[in-house]
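Read through the structure below, which is laid out as structure tokens, and then see the notes.
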Amino acid sequence: MINSNTHEYIEFYEGTLPIILSAPHGGEILPKEIKTRTSGVFEKDDYTKELTLEIIKEFEKSLDKTPYAVIASISREKIDLNRKKEEAFEDKKASKIYDRFHNLIKFSKNEVEKKFAKGIYIDIHGQSHPHNYLEFGYMLDNSTLNLHETQLKEYQEQSSIKNLAKFSKQSFFNQLKGPFSMGSLMTNLGFDSVPSVKLPYAADNNYYEGAYNTYLHGSLDKRNISGIQIEFPYVNCRDTKENRQRCAKAFVSALTKFLEVHLEINFPKIDCFEQNL
């Protein structure tokens, strides 16, 4: 059973899995009492809220369990929940909303560590780069992803999944773009991704490495929750309900496999679907 509540424009799902999702930029509510921002990025990540809800439903359907999730329904025009507090809004009335969003992620991290000792945090976004790939961000820029394996290892401490090494038998290189990386697992299910075995870096240099939420809530804080930012393209992932459901199904399959390999968390087998479905 999915347990959720909504308050201060933030929807919270109390989970039963070592997985935390957040979706900061998919809201469209424009409360009149809060001043509209005059600087920064205002663009909505279309249908990322809906995609996140489909992912939650797919976990419930496949595992009869749910991730923790923190989803904003307020527009980015009023508050940017993926920025430092001093950059996120221009009206102090937005402060409580900002605090609720981030405090619920912190609460979820505490619960996951208490119950499971380790887990994963995923910050869900949307992008419109021409290549139409999923982009998995680990707080490493595209030029760093292009480094040789030996050189890349030197950047592990700067990565939002640096503490995955406590649990994973795979090298840091393989965690990022080996056969059991999130990018490769999604690519194998028909959703080309960067970084992955197929696309180890973005050849056109269009790539989002992660931002404030991934920095704040990933394992750069030395805890056992690794963080990944995911930028979903619009076409084939967010554009229609059918595609959101298809993408959510692939994502749940890929993420559970990723956690089995790297965190040694066992899940009931989830049947993958054919690429052309």
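If you place +1 on the Cβ of every Lys and Arg, -1 on the Cβ of every Asp and Glu, and leave all else neutral, what size is the dipole of segment 90-222 about its Cα centre, to the nearest 20 Debye?
On the way: 16 positive and 15 negative charges, 146 e Å.
Approximately 700 debye in magnitude.
Against the longest principal axis of the chain, how steep is helix 95-116, in degrees 0 to 90 to the nearest 10, with axes from Cα atoms?
For helix 95-116, the angle is close to 40 degrees.
When DSSP assigns beta bridges and you keep just the ones with both residues in the chain, what percent turn out antiparallel, to the nearest 5?
Numbers: 11 of 32 bridges.
Around 35 percent of the beta bridges assigned by DSSP in the chain are antiparallel ones.
Could you tell me what percent of the DSSP beta bridges with both partners in segment 1-95 are antiparallel, to the nearest 5?
55
Could you rank the peptides 65-74, 38-47, 220-229, 82-91 by their average count of other C-beta atoms within 10 Å per residue, with the highest value first? Walk me through the numbers before you get to the answer.
Details: 65-74: 23.6, 38-47: 13.7, 220-229: 21.3, 82-91: 16.1.
So the peptides 65-74, 38-47, 220-229, 82-91, ranked by packing, come out 65-74, 220-229, 82-91, 38-47.
Report, to the nearest whole %, how much of the accessible area of segment 52-109 belongs to carbon and sulfur atoms, 1.4 Å probe, protein only.
On the way: 1040 of 2290 Å².
Of the solvent-accessible surface of segment 52-109, carbon and sulfur hold 45 percent.
Is it possible to state the helix-based mean residue ellipticity at 222 nm for the chain, with each DSSP H run of 4+ residues giving -39500 (n - 2.57), the sum divided by total residues, to the nearest 500 deg cm²/dmol? What is it? Present the calculation step by step, with values, prior to reporting the outcome.
Values: 9 runs with 91 residues, N = 277.
Counting only the DSSP helices, I get -9500 deg cm²/dmol.
Taking each pair of distinct Cα atoms in segment 27-94 once, what is the resulting Kirkwood hydrodynamic radius in Å?
Numbers: mean 1/r = 0.0745 Å⁻¹.
So the Kirkwood estimate lands at 13.4 Å.
For Phe42 and Asn5, what is the calculated FRET efficiency with R₀ set at 30 Å and r taken between the beta-carbons, to the nearest 0.05? Numbers along the way, then the final one.
Details: r = 28 Å, r/R0 = 0.92.
For Phe42 and Asn5, the calculated efficiency is 0.60.
Helix 48-63 against the longest principal axis of the chain: what's the angle in degrees, Cα atoms only, rounded to the nearest 10?
The angle comes out at about 50 degrees.
Quick one: accessible area per residue over the chain, 1.4 Å probe, rounded to a whole number of Å²? Working shown, then result.
Working: 12270 Å² over 277 residues.
For the chain, the per-residue accessible area is 44 Å².
If you place +1 on the Cβ of every Lys and Arg and -1 on the Cβ of every Asp and Glu, how big does the dipole about the Cα centre of the chain come out, in debye to the nearest 20? Write down the numbers at each step before the final one.
On the way: 37 positive and 39 negative charges, 144 e Å.
Roughly 700 debye for the chain.
Quick check: residue separation of Glu157 and Asp221 times 0.36 nm, minus the Cα distance between them. What number comes out in nm? Mind showing how you got there, number by number?
Working: separation 64, 0.36 × 64 = 23.04 nm, distance 1.09 nm.
Gain on extension, Glu157 to Asp221, equals 22.0 nm.
Using only the Cα atoms of segment 170-215, what do you get for the radius of gyration and for Dmax, in Å?
Cα only, segment 170-215: 10.9, 29 Å (Rg, Dmax).
Between segment 84-100 and segment 199-273, what's the alpha-carbon centroid distance in Å?
Cα centres, segment 84-100 to segment 199-273: 27 Å.
Provide the per-residue ³J(HN,Hα) series for segment 14-31, in order, calculated from phi with Karplus coefficients 6.51, -1.76, 1.60 and θ = phi - 60°, each as a whole number of Hz, with x at glycine and proline positions.
Per residue, the Karplus-derived 3J(HN,Hα) values read 7, x, 10, 10, x, 10, 10, 10, 9, 9, x, 10, x, x, 9, 6, 10, x Hz.
Determine the dipole magnitude for segment 104-146: charges of +1 sit on the beta-carbon of Lys and Arg, -1 on that of Asp and Glu, nothing else is charged, the reference point is the Cα centre, and the result goes in debye to the nearest 20. Kindly include the intermediate steps, with their values, before the conclusion.
Working: 5 positive and 5 negative charges, 66 e Å.
That gives a dipole near 320 debye.
How would segment 1-54 be classified by its alpha-carbon gyration tensor: rounded, prolate or oblate, with rounded meaning a/c under 1.5 and the a/b versus b/c comparison settling the rest?
Values: a/c = 2.64, a/b = 1.81, b/c = 1.46.
Prolate.
Angle between the Cα long axis of helix 241-262 and the longest principal axis of the chain, 0 to 90 degrees, nearest 10?
60
Using Cα positions and a limit of under 16 Å, work out the aspartates and glutamates in reach of Lys114, with same-chain residues fewer than 8 apart set aside.
Glu14
Could you work out the relative contact order of segment 178-277? I mean the mean sequence separation of Cα pairs under 8 Å and 6+ apart, divided by the number of residues, in percent.
On the way: 92 pairs, mean separation 25.3, N = 100.
Over segment 178-277, the number comes to 25 percent.
Does the chain classify as rounded, prolate or oblate by the C-alpha gyration tensor (a ≥ b ≥ c root eigenvalues; a/c under 1.5 gives rounded; else a/b over b/c gives prolate, otherwise oblate)? Before the final figure, lay out each step's value.
Values: a/c = 1.38, a/b = 1.30, b/c = 1.06.
Judged from the Cα gyration tensor, the chain comes out rounded (a/c under 1.5).
For segment 1-60 and segment 156-170, write down the distance between their C-alpha centroids in whole Å.
28
Rounded to whole Hz and in sequence order, give me ³J(HN,Hα) for segment 86-92 from the Karplus expression 6.51 cos²θ - 1.76 cosθ + 1.60, θ = phi - 60°, writing x for Gly and Pro.
Each residue's phi maps through the Karplus curve to give 5, 10, 7, 7, 10, 10, 4 Hz.
Grab the Cα-Cα distance for Thr150 and Thr240, subtract it from 0.36 nm times how many residues apart they are, and report the gain in nm with one decimal.
Numbers: separation 90, 0.36 × 90 = 32.40 nm, distance 4.15 nm.
Gain on stretching Thr150 to Thr240: 28.3 nm.
How would segment 182-277 be classified by its alpha-carbon gyration tensor: rounded, prolate or oblate, with rounded meaning a/c under 1.5 and the a/b versus b/c comparison settling the rest?
Oblate is the answer for segment 182-277, as a/c is 1.5 or above yet b/c matches or exceeds a/b.
Diagonalise the Cα gyration tensor of segment 13-139 and give the resulting equivalent ellipsoid semi-axes, square root of 5 times each eigenvalue, largest first, whole Å.
On the way: eigenvalues 132, 67, 36 Å².
The three semi-axes for segment 13-139 are 26, 18, 13 Å.
The values are calculated or read from the model by the stated rules, or taken from the named source; none is laboratory data. From a predicted model like this one, the values you see are computed outputs, not experimental measurements. We place every Cβ from the backbone using ideal geometry, glycine too, and count neighbours over all the protein chains shown. Just the protein is used for accessible areas: all its heavy atoms, side chains included, with ligands, DNA and RNA removed. Shrake-Rupley method; radii C 1.70, N 1.55, O 1.52, S 1.80 Å.
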